[in-house]
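**Student:** The following block contains the structure, expressed as structure tokens.
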Amino acid sequence: MIYYLFNDKERMQLEDLLKNEINVVKDLLSRDEGLGNVNWIKIRALQERNELLLGLLNKISR
């Protein structure tokens, strides 16, 4: 687990950073879908990025 590589302060900062980045990705996805833009490559890339960020967040969280 990556959890043990960080002290509490570092872990909290990293969790906040990842949560903010996840929110940015979700906003980009919802904005593109709301505008009717169907760039499947961009949407898939954003979905993969979101999955990666969520995976990292799970590994550093308890």
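The values are calculated or read from the model by the stated rules, or taken from the named source; none is laboratory data. These numbers were taken from a predicted model, which means no experiment stands behind them. Cβ placement follows ideal geometry from the backbone for every residue including glycine, while neighbour counts extend to all protein chains displayed.
**Student:** Which one of LEU46, LEU35, LEU28, LEU53 is within 8 Å of the chain's Cα centre (by Cα) and among the aliphatic types (A, V, I, L, M)?
**Tutor:** The match here is LEU53.
**Student:** Kindly indicate which of ILE22, ILE41 is on the phi < 0 side of the Ramachandran plot, in a helix (DSSP H, G or I) and loosely packed, with under 10 Cβ neighbours inside 10 Å.
**Tutor:** Numbers: ILE22 fails: loosely packed, with under 10 Cβ neighbours inside 10 Å.
After applying the criteria, what remains is ILE41.
**Student:** Among the residues of the range 26-55, write down those that are at pLDDT 95 or above and aliphatic (A, V, I, L, M).
**Tutor:** LEU52, LEU53, LEU54
**Student:** What pairs come out if I take residues in the range 1-27 that are touching a residue at least 24 places away in the same chain (Cβ under 8 Å) and pair them with residues that are of a type outside the set (Gly, Ala, Ser) and surrounded by fewer than 11 Cβ atoms within 10 Å (Cβ to Cβ) whose C-beta lies under 8 Å away, six or more apart or interchain?
**Tutor:** TYR3/ARG62
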